[in-house]
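Visitor: First the structure, then my questions, so here it is.
The values are calculated or read from the model by the stated rules, or taken from the named source; none is laboratory data. Just so it is clear, the model here is predicted, and its values are computed rather than measured. Neighbour counts run over all protein chains shown; Cβ positions are idealised from the backbone, glycine included.
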Amino acid sequence: MFIVNPKASRQPYPPSLQSVMSIAQANESRQWLSRWSGLNAGATPLYSLPDLAEELGVARILVKDESVRSQLGSFKALGAPIALVRLILRTFPEQQFHPHGLLEGKYADALADFTVISATDGNHGKGLAAAAQSIGCQCVIVLHANVSVEREQAIAAYGARIVRITGNYDESVEHAASLATANDWIVVSDTSYEGYEVIPRDVMQGYGTIAAEIIEATTGNSATPAFTHVFLQGGVGGLAAGIASYLWEQYGEQRPTFVMVEPRQADCLYQSALLGKPAKATGSVDSVMAGLACGETSPLAWRFLESSVDFFMTIEDDEAVAAMRRLAAGSARDIPLVAGESSVAGLAGLARLVKETGVAAEMGIDANARVLFISTEGATAPGVYAELLGESDASVLGRQKAWLPGV
Ligand SMILES: Cc1ncc(COP(=O)(O)O)c(C=O)c1O
């Protein structure tokens, strides 16, 4: 399924949005997180995959590999940690904590009773738990029925207390909110709801680091981007809003075309585009793409997406698995990549579109298109990854090592 967004704008980034999320604030977040030991040093790689571009009939494919952002294995290491830092700075202004000192655990004694809680599909919770452990505060994570045991163990390994419910993701969000009210804990969620926007804003703004690194690795301060299209996968819309807002502010009227891709069963952003307001998914919400299996659009994210995303589309689970396989295989000129279930929706979307020539032409996907994807996670559930691909992530990494020159 595919729709053109009639509300997409090519005006410069509006001041009304800039007052909520801006390059300046995103860059400050990046600076604060830069010395956190939970992140690997430096920018994540941006790879060009010339053989894949040739296969799909476009001029260039660029993939930003967030699997190596941190030992947590996903881009979510950029969101919850900075939101937690900003939350603590706001909650205890009189203490004059230093952001770097917070992440180094310097104030652990003062924060030993401070408790944060979140519902999660896995990656957000892992990021929050890891940051809470570094800072020295308490963390409770609510997991819905479909979060795998290996994802649960990965979160618990960072010292978080786990609460498991029988319902789905949206019910886990509600459960976390009621536990927070009952215990005087603070919810650190990556999705917004009425009256709750500051923390999800800080989470989304943390993702701006990815956009900043992409700009630095391509055109620097040039007025036009090195890519014509950005395919962004959507769960609640936070990743897409964080990236699109940064690139829109940077490039203004010259911004690239943004394409939103979601699992068919978890199509809340697609439905939002149809209705012209934040909406719920129409399907079962279950998807192999666990991070994208979200039933409700984040209203705050929607404020950014409604006027920046040009096209919305959905894909099937098996298309995502095929894209995982293609990236893992690599080729003579394409580096083999470990890309997890939620990381490849954009590539799967492009692979679908190039078969529908009319739609591709409408979107400007042709031999001149230069397409950017963000591979947002590695094998964050290694058992699931190996089962889907018939090959372990270690085996793919072995092939990657052999592919790299001089190794
Ligand atoms: C690996 C991965 N990619 C993409 C997303 C989508 O992010 P958002 O829910 O902010 O749209 C998620 C969300 O958990 C994720 O874990």
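Visitor: Return the residue satisfying two criteria in turn: it lies in region 319-344 and is part of a helix (DSSP H, G or I) and of a type in the set (Lys, Arg), and of such residues it is surrounded by the fewest Cβ atoms within 10 Å (Cβ to Cβ). Give the steps one after another, and end with the answer.
Guide: From region 319-344, those part of a helix (DSSP H, G or I) are 319-329; that's our starting set.
Checking which are of a type in the set (Lys, Arg) leaves us with 325-326.
Details: ARG325: 15, ARG326: 23.
Among them, the one singled out is ARG325.
Visitor: Quick check on this structure: which one of ARG201, ARG161 is among the charged types (D, E, K, R) and over 21 Å from the mean Cα position of the chain (by Cα)?
Guide: Details: ARG201 fails: over 21 Å from the mean Cα position of the chain (by Cα).
None of the others qualify; the one that does is ARG161.
Visitor: Can LEU84 be described as more than 30 Å from TRP185 (Cα to Cα), of a type outside the set (Ser, Thr, Tyr) and in contact with a strand residue (DSSP E or B) (Cβ under 9 Å, 6 or more places away or on another chain)?
Guide: no
Visitor: So which of ALA379, ALA361, ALA394, ALA369 ends up being at pLDDT 95 or above, surrounded by fewer than 17 Cβ atoms within 10 Å (Cβ to Cβ) and assigned by TED's automatic domain parsing to the domain that holds VAL58? Can you show your working first?
Guide: Values: ALA379 fails: surrounded by fewer than 17 Cβ atoms within 10 Å (Cβ to Cβ); ALA361 fails: at pLDDT 95 or above; ALA369 fails: surrounded by fewer than 17 Cβ atoms within 10 Å (Cβ to Cβ).
Criteria check complete, one pass: ALA394.
Visitor: Let me ask something else about it. I'd like to verify a number: residues in region 67-86 that are within 15 Å of the ligand (Cβ to nearest atom) and either part of a strand (DSSP E or B) or out of contact with any Gly (no Cβ under 8 Å at 6 or more places or on another chain) (or both), how many?
Guide: The total comes to 4.
Visitor: Would you point out the residue of region 91-124, among those that are free of Cβ contacts under 8 Å to residues at least 12 places away in the same chain and part of a helix (DSSP H, G or I), that is nearest to GLU150 (Cα to Cα)?
Guide: By that ranking, first place goes to GLY101.
Visitor: Residue by residue through region 44-66, note down the ones that are among the polar types (S, T, N, Q) and within 16 Å of the ligand (Cβ to nearest atom).
Guide: Pass one, region 44-66, residues among the polar types (S, T, N, Q): 44, 48.
The one that is among the polar types (S, T, N, Q) and within 16 Å of the ligand (Cβ to nearest atom): THR44.
Visitor: For region 135-154, give me each residue that is within 21 Å of ASP113 (Cβ to Cβ) and not in a strand (DSSP E or B). Break it down into steps so the answer makes sense when it comes.
Guide: Our first condition is that a residue be within 21 Å of ASP113 (Cβ to Cβ); within region 135-154, this holds for 135-142.
Within region 135-154, ILE135, GLY136, CYS137 meet the criteria.
Visitor: Another question, then. Looking only at region 257-299, count every residue that is more than 18 Å from the chain's Cα centre (by Cα), within 14 Å of the ligand (Cβ to nearest atom) and not in a loop (DSSP other than H, G, I, E, B) and tell me the total.
Guide: 1
Visitor: For region 253-296, how many residues are of a type in the set (Ser, Thr, Tyr) and within 30 Å of SER222 (Cα to Cα)?
Guide: Keep residues of region 253-296 that are of a type in the set (Ser, Thr, Tyr), which gives 257, 270, 272, 282, 284, 287.
The next check asks that each one be within 30 Å of SER222 (Cα to Cα); those that pass are 257.
Residues flagged as of a type in the set (Ser, Thr, Tyr) and within 30 Å of SER222 (Cα to Cα) within region 253-296 amount to 1.
Visitor: For the list (1) modelled with pLDDT of 95 or more; (2) within 16 Å of the ligand (Cβ to nearest atom); (3) assigned by TED's automatic domain parsing to the domain that holds LEU87, I need the number of the one condition that ILE210 fails.
Guide: Exception for ILE210: condition (3).
Visitor: Quick one: count up the residues across region 43-55 that are in contact with a helix residue (DSSP H, G or I) (Cβ under 9 Å, 6 or more places away or on another chain) and of a type outside the set (D, E, K, R).
Guide: Summing the residues that are in contact with a helix residue (DSSP H, G or I) (Cβ under 9 Å, 6 or more places away or on another chain) and of a type outside the set (D, E, K, R) in region 43-55 gives 6.
Visitor: If you go through region 345-393, how many residues are within 13 Å of the ligand (Cβ to nearest atom) and in a loop (DSSP other than H, G, I, E, B)?
Guide: Residues that pass the stated criteria total 5.
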